[in-house]
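Q: Pasting in a structure now, in structure tokens, and then I'll have a few things to ask.
Read-outs throughout are calculated quantities, based only on the coordinates presented, and are distinct from any laboratory measurement. On a predicted model such as this, the values are computed, not experimentally measured, just so you know. Heads up, the Cβs are rebuilt from the backbone with ideal geometry, glycines too, and the neighbour counts pull from every protein chain shown.
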Amino acid sequence: MMSLPDRAQWTGSDPGLRMLSWIEGMPAQLMKAAAEWPAGFQAPPITRGVVAAAMGGSAMAAEVALGTIAARVPTIVVRTGTLPAWVDEGWLCIACSYSGNTRETLACYNQATERACTIATVSAGGVLAEQAAARGDVHRILAPGQPPRTAVGQAVVGVLWILWVHGLTEDPREAIRSAAAGMGLQWAQGVGAAAPWETEAGRIAGAVKATYTLVVGSGITRPAALRWSQQLNENAKIPCFPLEVPEMLHNHVEGLEAAARTGAVLVLLADRGQTFGESAAMDYLATMYASFGGAVFVVGTRGESELERIFSLMYLGDQVSYLASLLRGMDPTPVERIGHLKKVLAPGSP
């Protein structure tokens, strides 16, 4: 049996406990972003829809923000360098890039300017902030100095603020504060607990550390499934794939027996807001997968508002990914392959 590293050993994988501090600080990040809520802005009404152009952790922020509001217009998150042809001057384009230099996001930003869209931006600086300042676009500045995936809290608040400025959502600050409070409790009951390996996060981390994971979401838990996948890939350097009910019932379900036989872990993200059909499908998947001998974890949301509930799932996934990185002896902060690919794909690269 693999020995579990005690806290004194964690710096061996996480030098300076950098990732630990970023994950632990997520609730405070939300509170700070809500406290720095800019007021006095006037923005034009949006008549057609909202498109968020973003990649990676910034796209996750847009998914969460757009997925937890009672949208009054159509919304879409674009994870490519091309805006849909039907996005025009009646649309709000939110360009979100933590670095401000994401190639695909900048390409969408330029297309939005050509189409006379209403434009708002979210970044910690970079070219995006410079262009926004030059044009006079509404801009939400983010605090710099950390990996984009660890800044998702302040990025979510940034996108929510833009939606609020344009009259597309009610003031979300109370829900943000409640989400932060709930996450603080989760931390105390997870990685921050006296025996973290005996917590829900610790048990799941112990199961996924040496295999690949399938995370299933539905409704508001769908973005959380994607977040789990991203965090387990980037922090723990293990393969994890998001699936969605009901779509997976029409295809992926046929491959689950083989996945179980090879030791893959199935994580189901449940929420009381899911439909009867979605909940029934989750129950069926759990029973079926267990019958194949596979490890199954059913994780429920916490909190009242949709924002609280989705953050509760995301924050548990962050903690699982961190503990899994420790069990694997992996530094959770560097993402060397991503950095290499960005250089290879940069304009002018040989």
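Q: Since Pro38 meets every condition but one in (1) loosely packed, with under 15 Cβ neighbours inside 10 Å; (2) over 14 Å from Leu142 (Cβ atoms), which condition does it not meet?
A: (2)
Q: Can I ask one more? Just the residues that are closer than 12 Å to Val215 by Cα and outside any loop (DSSP other than H, G, I, E, B), please, taken from the range 257-271.
A: First, pick out the residues of the range 257-271 that are closer than 12 Å to Val215 by Cα: 264-270.
The answer is Val265, Leu266, Val267, Leu268, Leu269, Ala270.
Q: If you don't mind, there's one more thing I want to ask. With without any contact (Cβ under 8 Å) to a residue 60 or more places away in the chain, in a helix (DSSP H, G or I) and either surrounded by 12 or more Cβ atoms within 10 Å (Cβ to Cβ) or of a type in the set (Val, Ile, Thr) (or both) as the only criterion, which of Val344, Val298 stands out? Step through it out loud before you land on a result.
A: On the way: Val298 fails: in a helix (DSSP H, G or I).
Going through Val344, Val298 in turn, the sole match is Val344.
Q: OK, next. Go through the range 80-117 and give me each residue that's over 15 Å from Met55 (Cβ atoms), under 22 Å from the mean Cα position of the chain (by Cα) and either without any contact (Cβ under 8 Å) to a residue 40 or more places away in the chain or part of a loop (DSSP other than H, G, I, E, B) (or both).
A: The answer is none; no residue qualifies.
Q: Would it be correct to say that Ala132 is part of a helix (DSSP H, G or I) and in contact (Cβ under 8 Å) with a residue 60 or more places away in the chain? Give the steps one after another, and end with the answer.
A: Numbers: part of a helix (DSSP H, G or I): yes; in contact (Cβ under 8 Å) with a residue 60 or more places away in the chain: no.
No.
Q: Further question: Which residues, counting only those in the range 213-229, are surrounded by fewer than 24 Cβ atoms within 10 Å (Cβ to Cβ), under 13 Å from the mean Cα position of the chain (by Cα) and within 21 Å of Ser305 (Cβ to Cβ)? Explain how you work it out, then say what you get.
A: To start, the set of residues in the range 213-229 that are surrounded by fewer than 24 Cβ atoms within 10 Å (Cβ to Cβ) comprises 219-220, 222, 226, 229.
From the residues that got through so far, the ones that are under 13 Å from the mean Cα position of the chain (by Cα) too are 220, 222, 226, 229.
Ile220, Arg222, Leu226 - these are the residues of the range 213-229 that are surrounded by fewer than 24 Cβ atoms within 10 Å (Cβ to Cβ), under 13 Å from the mean Cα position of the chain (by Cα) and within 21 Å of Ser305 (Cβ to Cβ).
Q: Just to be sure, is Ala286 in contact (Cβ under 8 Å) with a residue 40 or more places away in the chain, surrounded by fewer than 21 Cβ atoms within 10 Å (Cβ to Cβ) and assigned to a helix (DSSP H, G or I)? Quick ask: steps written out before the conclusion?
A: Numbers: in contact (Cβ under 8 Å) with a residue 40 or more places away in the chain: no; surrounded by fewer than 21 Cβ atoms within 10 Å (Cβ to Cβ): yes; assigned to a helix (DSSP H, G or I): yes.
When the stated conditions are applied, Ala286 does not pass them.
Q: Please give the number of the condition Gln274 fails out of (1) surrounded by fewer than 21 Cβ atoms within 10 Å (Cβ to Cβ); (2) part of a helix (DSSP H, G or I).
A: (2)
Q: Any chance the range 301-321 includes a residue that's assigned to a helix (DSSP H, G or I) and surrounded by fewer than 18 Cβ atoms within 10 Å (Cβ to Cβ)?
A: Looking through the range 301-321, none of the residues is assigned to a helix (DSSP H, G or I) and surrounded by fewer than 18 Cβ atoms within 10 Å (Cβ to Cβ).
Q: With buried (at least 19 other Cβ atoms within 10 Å of the Cβ), out of contact with any strand residue (DSSP E or B) (no Cβ under 9 Å at 6 or more places or on another chain) and either among the β-branched types (Val, Ile, Thr) or part of a loop (DSSP other than H, G, I, E, B) (or both) as the only criterion, which of Val77, Val64, Val51 stands out?
A: Being buried (at least 19 other Cβ atoms within 10 Å of the Cβ), out of contact with any strand residue (DSSP E or B) (no Cβ under 9 Å at 6 or more places or on another chain) and either among the β-branched types (Val, Ile, Thr) or part of a loop (DSSP other than H, G, I, E, B) (or both) holds for just one of Val77, Val64, Val51, which is Val64.
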